[in-house]
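J.: Questions regarding the structure given below will be posed in turn.
The values are calculated or read from the model by the stated rules, or taken from the named source; none is laboratory data. Treat the numbers as computed from the prediction; the structure is a model and nothing was measured. Don't worry about glycine lacking a Cβ; one is built from the backbone with ideal geometry, like all the others, and counts go over all protein chains shown. Note: areas computed on protein heavy atoms with side chains; ligands, DNA, RNA excluded. Shrake-Rupley method; radii C 1.70, N 1.55, O 1.52, S 1.80 Å.
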Amino acid sequence: VNVSVMELLNGMEGIDNMVQNLEAAVDEGLLEKAGPLFMFAHDSIQQSVYELTPTNELVKLHVDIGLMLISKSATVSKGLIEQIFASAVGHINMALPECPSSSSVDGSGDGGAASAVEFTSSQHIVFAKLNLKAGQKAAIGKSDFSLAEVHLKAGISFLPKNSWTDQYELTLQLSDEYANVLYVQRNLDELQSHVAIILNNAKCMGDKIKAHEFTISAMLQKGSEHLALDHARSVLDSLGFPFPATVGSETVKGIVDSLVETTMAYTPDQLRAFPLMTDKIPLQAMKIMSAIRMQHTFSSPTLFQMLACQMMQLTIKHGLSVESAEAFANFGYCVNAVLLNYGVGYRIGKLALVILERLKATTRVARVYFLVYGFLSLWKEPLQATIEGLQSAINTGLVEGDKTITLYNQSIMCRQMIIAGFNLSETRDKLLRLCWEMMYDKSEHIFSPAFHPTLGDLYVVMYLTGESTDEVYSIFGISPEENEKKLFERYSATNNASVIQLVYYHRMLKSFWFRDYETVIECCEKYVTFKTSMKMLRITDIIHIVFWGLSSLILSRRRNEKELITEGEEAHRKMEFWAKNGSKWNAENKAFLLEAEINFAKGNTAKATTAYEKAIESAHDHKFINEEALACELFGIFCIEEGNLYKGNELLEKARELYEMWGAKKKARSIFYL
């Protein structure tokens, strides 16, 4: 214990100088002193003191210490206030049994197990409030949710009998805070039991909204998407905002079309001055809608699109709320998916960031950034910059305790790092750590919904580096083949097309980098077979287009099948359009490389040479080392086939060096010279 703390206890139990008495104990060998700290010389001494002191006296002493520290806290320096408060609450909580039988208060009796000593009703309330404050400080100030759980459990245990009646606001606040901590800690079974008690005792819909949000979130985390959607629909119906069980794509398209013009009329300055949402019912509806996140609705894309539209309609009519930032990001995503207007979707996503900034909505940052930097910004901003945005989302999500969306941000960031040419060894390490974090129950191997797609990314990276997958298999017990099987099973269970597309995407990557172009085309054809109405611009879509185009052009030469050139020309048109109207940084080198291969296939040697050189230069300037290596490799093959062995081998050597720098050691070893 610190000297500064002990000095605050002077006068307690008739002792005027606590430090002097402690010094005497040091002389007797009972205590040791290190600077300003006193401690027992041995744990057995502390244990003996505790065992020799009657329980009631010991508990009373702890409570008296806690109360005195709180009474003296106004006299201490700012640097010590946090320490004094934490110490005081810790002493007070020693009055509770070590293992309370329950941490939920159901309104029928005590909030928890009986205390070792009797307290007055007012003391119960004071101690509950102190723990509420301590729990909030731990969660919000330190992001220490384990400590927050301890304090909130204690606070609930201190609540007096019939607290839902006599101390309603305090009981509701403790219960809501505890529900949040349970959600962050992924204690989903206890969370569902706990929120059921809140829903049974809360007086009005406004007081039940958080419990409904947590109920929906818990169902989604447990993979019960249909139950979650049914629950959300039931709540929205009771609020007077009915949500259809099914909705057609043409209906959604009409609503999106009608909202685009209104949304695009807003400027950042207008949104900074836009009225705030004050009507309680729309605010409650916005919270319920925001609980349904995009990644849980892939099996029914029009459902998410309709939710996004309804959130936009509420925002336009009733004003801004913190959920409005999500509404704009979600709607931008829908504009991409439904109208394929990526420029408009990007601009709407930027407006979402304006709302975030205006409302200081840090709790929504990770969710909004996931959409803005994981999808919408690809159209306009350098891919490397979107990765920076996703890292910012991860940092904020960790602080706010939103682990679920943080994991999704990490997953998509790693996927974009592979394509952006980040060092594969570093990306592999990130993916391995991420997969470990996604294994929620290490003994039972219970995984996050994003685990198997992320493990697929890890196996692709290791295929390129040439490393053994034995270590990964020893940790997770899932081989690459078994992982694909799990994804197929998930598709069968959920009809989530994006899951099965990732299987063919991963196969396509491995096949392309090792020149198995026939398999690339097979995978690309399978990929589009599972396309849904959600035709959004994802990084997987972009690479799918480019690799399908390049593979078709290469095979057109090998097989002398001129009709395959059409697929390459279509890919070139898309990349050229993107480079001119969206991101020159991301698309230019890809467009040049496709142009080079088109001219190679058509026998236009001079034009092909110029385009290859431009592709190499553009990839280098825009920091795509992987695509610079690819352009050198394909240009080298072109030169060799045109009879220029020296230049061809020189380019292949350059490609090999670049692949080594990228970290694709197995790919580098596959480069051969003529």
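J.: Would you please put 453-463, 383-393 in order of how densely packed they are, using the mean number of other Cβ atoms within 10 angstrom per residue and starting with the highest?
T.: The peptides rank, most packed first, as 453-463, 383-393.
J.: 5 Å is the cut-off here: which amide hydrogens, built 1.01 Å from N in the peptide plane, fall below it relative to Phe243, excluding neighbours closer than 5 in sequence?
T.: Close amide H contacts, sequence-distant or interchain: Asp237.
J.: Among the trypsin sites (Lys or Arg not before Pro) in region 382-452, which ones are in a DSSP loop with at most 16 other Cβ atoms within 10 Å of the Cβ? Mind listing them?
T.: Counting only loop positions with at most 16 other Cβ atoms within 10 Å, the trypsin sites (Lys or Arg not before Pro) in region 382-452 are Lys442.
J.: With a 1.4 Å probe and all protein chains left in place, how much of the accessible area of the chain comes from carbon and sulfur atoms, in whole percent?
T.: 53
J.: Roll a 1.4 Å probe over the protein heavy atoms and report the accessible area of Tyr517 in Å², nearest 10.
T.: 10
J.: Using Cα pairs closer than 8 Å and at least 6 residues apart in sequence, work out the relative contact order for the chain, in percent.
T.: Dividing the mean separation by the residue count of the chain yields 7 percent.
J.: Filter Lys403/Lys574; Lys129/Lys350; Lys287/Lys574; Lys78/Lys129 down to the pairs with a C-alpha to C-alpha distance above 32 Å, please.
T.: Cα-Cα > 32 Å for Lys403/Lys574; Lys129/Lys350; Lys287/Lys574; rest within.
J.: Right, another one. For the chain, find the longest principal axis of its Cα atoms and tell me its angle to the long axis of helix 480-494, 0 to 90°, nearest 10.
T.: The angle comes out at about 80 degrees.
J.: Right, here's the next one. Want the number for Lys317 to Asn423: 0.36 nm per residue separation, take away the alpha-carbon distance, what's left?
T.: 33.4 nm is the gain from fully extending Lys317 to Asn423.
J.: Okay, next question. How large is the dipole of region 516-674 about the Cα centre if only Lys and Arg carry +1 and Asp and Glu carry -1, each at its Cβ, rounded to the nearest 20 debye?
T.: It works out to roughly 320 debye.
J.: Kindly flag which residue pairs out of Lys253/Lys580; Lys590/Lys614; Lys210/Lys317 have an alpha-carbon separation exceeding 18 Å in this structure.
T.: Table pairs above 18 Å Cα-Cα are Lys253/Lys580; Lys210/Lys317.
J.: Do the sum for the chain: with -39,500 (n - 2.57) for every DSSP H run of n ≥ 4, divided by all residues, what is the mean residue ellipticity at 222 nm, to the nearest 500 deg cm²/dmol?
T.: Roughly -23000 deg cm²/dmol at 222 nm, from the helical runs in the chain.
J.: To the nearest 20 debye, what charge dipole does the chain have about its Cα centre, counting +1 at the Cβ of each Lys and Arg and -1 at the Cβ of each Asp and Glu?
T.: Dipole magnitude for the chain comes out near 2200 debye.
J.: Considering only protein heavy atoms, what per residue accessible area in square angstrom results for the chain with a 1.4 angstrom probe?
T.: 43
J.: Give me the net charge of Asn17's neighbourhood, meaning all other residues with Cβ under 14 Å from the Cβ of Asn17; Lys, Arg count +1, Asp, Glu -1.
T.: -4
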